[in-house]
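Working notes, structure below.
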Amino acid sequence: MIAENIQNIGENLKKAAIQAGRNPDDVKLIAVSKTFGADAVTAAMQAGIMDFGENYVQELTEKREALLQSGIRWHFIGHLQSNKVKYIADWVHLIHSVDSEGLAAEIDKRAARTGRTIEVLAEVNTSAEATKYGVKPEQALDLLKRIVRFPNIRLNGLMTIGPFTDDAGASRTAFRTLRELFQEANRQGIGSAPLEVLSMGMTHDYTAAIAEGSTMVRIGTAIFGSRTTQSHT
């Protein structure tokens, strides 16, 4: 079932990219495996996925330990508390959810101690929903300028969570806001290199995100099925 789901998503992703006049190879699929065990992750790996996203530090560290020799690229996509950074700093591939200078400072400190540069995305709340994390769009460029000052962080792009709605127009508006911020940041030359990643789009809205320029879609339910268990916090 997981392999079939991944194949279907790949076909839909390709169609959406072509319709938008884009190269499908420019959109990476991140499998969101929160609440699903190592066996489900292994099944997705066997179907060709090597990038997995997790929302909770404890669950991520346990899953990584269980799959230590797998070569998986682990993405942290949930809200990250500063006191949890130390548990993932040695090995996390990409942190999608940096929404404050304080969190960036902690990531930089932990990166320096481990002798590596940690790649991050800045999270922007483009839907103005109070239940979501992320910097406000009007404050985003200032946050980016603060993040790039840290020597042990590489700011590689932006992330957002679209509105939880069936209204494709509302989703596209939120994603367009992020793309325009991304373009403006690159126009201003924020950082030592152009930003590359727009992480936006989930199971219910990834085709709209691709139409607006997403380079990473984060898909869980459409790959693994509905979640019936609680994650670690």
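The values are calculated or read from the model by the stated rules, or taken from the named source; none is laboratory data. This structure is a prediction, so every number in the text was calculated from the model and none was measured. So basically every Cβ, Gly included, is an ideal-geometry build from the backbone, and we count neighbours across all protein chains shown.
Here is a check on your reading of the model: is ALA222 of a type in the set (A, V, I, L, M), at pLDDT 95 or above and within 23 Å of GLU54 (Cβ to Cβ)? Criteria met by ALA222. If you go through segment 147-176 and keep only what is within 18 Å of THR117 (Cβ to Cβ), under 20 Å from the mean Cα position of the chain (by Cα) and not in a strand (DSSP E or B), you end up with ILE147, VAL148, ASN152. Only a single criterion out of (1) free of Cβ contacts under 8 Å to residues at least 12 places away in the same chain; (2) touching a Gly at 6+ places or on another chain (Cβ under 8 Å) is not satisfied by GLU65, namely (2). Pairs are defined by a Cβ separation below 6 Å, a sequence spacing of at least 6 or placement on different chains, a first member in segment 138-162 that is modelled with pLDDT under 95, and a second member that is buried (at least 24 other Cβ atoms within 10 Å of the Cβ); the pairs so defined are GLY162/SER171; GLY162/ALA174; GLY162/ASP205. Against the test of being in contact with a Phe, Trp or Tyr (Cβ under 9 Å, 6 or more places away or on another chain) and exposed (fewer than 15 other Cβ atoms within 10 Å of the Cβ), the options GLN58, GLN19 yield a single qualifying residue, GLN58. Would you mind stating whether ARG179 is closer than 25 Å to ALA104 by Cα, part of a helix (DSSP H, G or I), charged (D, E, K, R) and under 18 Å from the mean Cα position of the chain (by Cα)? Yes; evaluated as a whole, the condition is true for this residue. Considering only segment 75-86, state which residues are surrounded by 16 or more Cβ atoms within 10 Å (Cβ to Cβ) and in contact with a helix residue (DSSP H, G or I) (Cβ under 6 Å, 6 or more places away or on another chain). The answer is LYS84, VAL85.
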